[in-house]
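Novice: Got a structure for you, written out below as structure tokens; questions coming shortly.
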Amino acid sequence: MLTVIRGDDATFKLTFTDAEGNAIDLTGGTIFFTVKKKLDDDDDDAVIAKEITSFDNPATGVQDLELTNEETD
């Protein structure tokens, strides 16, 4: 679970691993992140929607997710 106070900037370090705990190489991949009012809402109805396609070090499987205060308002 991620917790953010409304109107604050926030950064979360996400780690992607396979079932054995090995890092998933994110090269050429896309991370989709959505926040919805209800779990069964469509992605088009998300109050926050981010798509990350550029990674600092994709082979590690680690990526920061940054949310601005405008996004969390």
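The values are calculated or read from the model by the stated rules, or taken from the named source; none is laboratory data. What you see is a predicted model; the values in this text were computed from it and never measured. Because the Cβ atoms are built from the backbone with ideal geometry, glycine has one as well, and the counts that use them run over all protein chains shown. All accessible areas refer to the heavy atoms of the entire protein, side chains included, with ligands and DNA or RNA removed. Shrake-Rupley method; radii C 1.70, N 1.55, O 1.52, S 1.80 Å.
Novice: Is it the case, given these coordinates, that V47 is among the β-branched types (V, I, T), open to solvent by less than 70 Å² (accessible area, probe 1.4 Å) and either in contact with a helix residue (DSSP H, G or I) (Cβ under 9 Å, 6 or more places away or on another chain) or within 12 Å of T72 (Cβ to Cβ) (or both)?
Specialist: The answer is no for V47.
Novice: Which residues, counting only those in the stretch 54-73, are more than 17 Å from L2 (Cβ to Cβ) and exposed (fewer than 12 other Cβ atoms within 10 Å of the Cβ)? Walk me through how you get there before you give the answer.
Specialist: First, the residues of the stretch 54-73 that are more than 17 Å from L2 (Cβ to Cβ): 54-61, 70.
Matches in the stretch 54-73: S54, D56, N57, A59, E70.
Novice: Related question: Which one of E66, E51 is in contact (Cβ under 8 Å) with a residue 40 or more places away in the chain and outside any helix (DSSP H, G or I)? Break it down into steps so the answer makes sense when it comes.
Specialist: Working: E51 fails: in contact (Cβ under 8 Å) with a residue 40 or more places away in the chain.
Step by step, each of E66, E51 is checked, and only E66 is in contact (Cβ under 8 Å) with a residue 40 or more places away in the chain and outside any helix (DSSP H, G or I).
Novice: Only one of L14, L39 is surrounded by 11 or more Cβ atoms within 10 Å (Cβ to Cβ) and either out of contact with any helix residue (DSSP H, G or I) (no Cβ under 6 Å at 6 or more places or on another chain) or hydrophobic (A, V, I, L, M, F, W, C) (or both). Can you tell me which?
Specialist: L14
Novice: Which ones in the stretch 14-48 are free of Cβ contacts under 8 Å to residues at least 24 places away in the same chain, hydrophobic (A, V, I, L, M, F, W, C) and in a strand (DSSP E or B)?
Specialist: Within the stretch 14-48, F32, V35 qualify.
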